[in-house]
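Computed from the coordinates by the stated procedures, all read-outs in this text should not be read as laboratory data. Keep in mind the model is a prediction, meaning the values are calculated, not measured. We place every Cβ from the backbone using ideal geometry, glycine too, and count neighbours over all the protein chains shown.
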Amino acid sequence: MDRRQMTLMLSDKEMTLLDRLSESRGMSKTALVRQALRLYQSVTERIENGEKVFVEKPSTKEKTELMVI
Amino acid sequence: MKEFLRTVALQNRRSKEFEDAQLYRELDQKNFDDFEQLWKPMLEARRADFESWEAAAEGDAQDSHWHWAEKAVDASTSMADETYAIECADETQGLMLVTSAAFARLEIQRGREIVYIELIATAPWNRPRLVKKAARYKGVGRALIAEAINLSYQLEFNGRLGLHSLPQSQSWYRDVAQFTDMGYDDEKGMQYFEVTEAQAKAFLAND
């Protein structure tokens, strides 16, 4: 698979979040950013295709529609 | 673009010998043609022996309606989706579609990233219930699942995997592969199985 390199500038707050997620998900920062891209594409394409993406609370079954703006 | 990954061994059920097969990431026109011209006529003929989709499980022909070409084209534009093919004796022996935009349900790994197998199929001539004693190759499904687990490792998901199973495959996932049976999923209308990190390691160790 071809690889290309880029430098990513993040604010302290963004880097703290990346550190925290990397720690809690047990993934490297690179793997985490790649997974974030895959999920972002998956969600935005569904919405662009007219589908709706929901988050459901298991206790109440209350659904909240996920909006990407 | 179709990419050769590695050689895998399939057992020829007739000669009992192992034969080299080629595992590829991404499907191409050859795989689509094999499905349309070789797989589909056999699957549809067998499917016609049964009145309902549920009954077709007996003949291992419940996937006759799967649109591999359409799925593969969609997958090629998505970062989260991957397709795989196994070829042997110049024919497509197995196909698989997976997504990495999925999360685990099993309590010990709930919410963690998994590779989810959307579709997996071995060629109709490899299915003992479909062609009886004439079945050709054994090991196609195992090789494809091993590759899905490999992808899970590459993505740093530590082997975690999920899949829904057609009725005829449930006992293999539960009793042979030793995956966790999470029961019937009403939304999908199929049994749901999940693979933990330990189960993934054990599966590859037995591969």
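3J(HN,Hα) along segment B:35-43: 5, 5, 8, 10, 6, 4, x, 5, 5 Hz, from the Karplus curve 6.51 cos²θ - 1.76 cosθ + 1.60 with θ = phi - 60°, whole Hz, x for Gly and Pro.
Taking 27 Å as the straight-line reach from the Cα of B:Lys40, the lysines in range (excluding those fewer than 8 positions away in the same chain) are B:Lys2, B:Lys16, B:Lys30, B:Lys71, B:Lys132, B:Lys133, B:Lys138, B:Lys188.
Hey, with R₀ at 25 Å, roughly what FRET efficiency would B:Glu107 and B:Asn206 work out to, going by the Cβ-Cβ distance, to 0.05?
FRET efficiency, B:Glu107 to B:Asn206: 0.50.
Here the Karplus curve 6.51 cos²θ - 1.76 cosθ + 1.60, taken at θ = phi - 60°, turns the phi angles of segment B:195-204 into couplings of 10, 7, 4, 5, 5, 4, 4, 5, 4, 5 Hz, with x standing for Gly and Pro.
The orientation-averaged projected area of the convex hull spanned by the Cα atoms of segment B:3-205 comes to 11.1 nm². Computed over segment A:12-66, relative contact order equals 17 percent, with contacts defined as Cα pairs under 8 Å that lie 6+ residues apart. Between B:Thr77, B:Thr196, B:Thr180, where does the largest GNM mean-square fluctuation fall for chain B, given springs only between Cα atoms within less than 10 Å? Taking springs between Cα atoms under 10 Å, the residue moving most is B:Thr77. Computed over segment B:1-84, the alpha-carbon pair-distance distribution with 10 angstrom bins reads 16, 32, 38, 14, 0, each value a whole percent. The Cα center of chain A and the Cα center of segment B:134-207 differ in position by 26 Å. If you wrap the Cα atoms of chain A in a convex hull and average its projected area over all directions, you get 7.2 nm². Once the mean of 1/r is taken over each pair of separate Cα atoms and inverted, the protein assembly as shown shows a Kirkwood hydrodynamic radius of 20.3 Å. Taking amide H positions as modeled 1.01 Å from N, with prolines and chain starts lacking one, the residues under 5 Å from B:Gly94 and 5 or more places away or on another chain are B:Ile86, B:Ala123.
Normalised by the number of residues in segment B:23-174, the mean separation of alpha-carbon contacts (under 8 Å, six or more apart) gives a relative contact order of 21 percent.
For chain B, a Gaussian network of Cα nodes joined below 10 Å ranks B:Met190, B:Met42, B:Met79 by mean-square fluctuation, and the top entry is B:Met79. Working note: Karplus 6.51/-1.76/1.60 with θ = phi - 60° gives segment B:153-160 the couplings 5, 4, 7, 6, 9, 6, x, 4 Hz, where Gly and Pro are set to x. Farthest toward the positive end of the dipole of the protein assembly as shown, out of B:Leu119, B:Phe50, A:Met67, is the Cα of B:Leu119, where the dipole comes from beta carbon charges about the Cα centre. Over segment B:82-171, the fraction of Cα-Cα pairs per 10 Å bin, rounded to whole percents and listed from the shortest bin up, is 17, 44, 28, 11, 1. Comparing A:Glu48, A:Glu14, A:Glu56 in a Gaussian network model of chain A (Cα springs below 10 Å), the most mobile by mean-square fluctuation is A:Glu56. Calculated FRET efficiency, B:Arg174 and B:Ser78, Cβ-Cβ r, R0 41 Å, to nearest 0.05? Plugging the Cβ-Cβ distance into 1/(1 + (r/R0)^6) gives 0.85.
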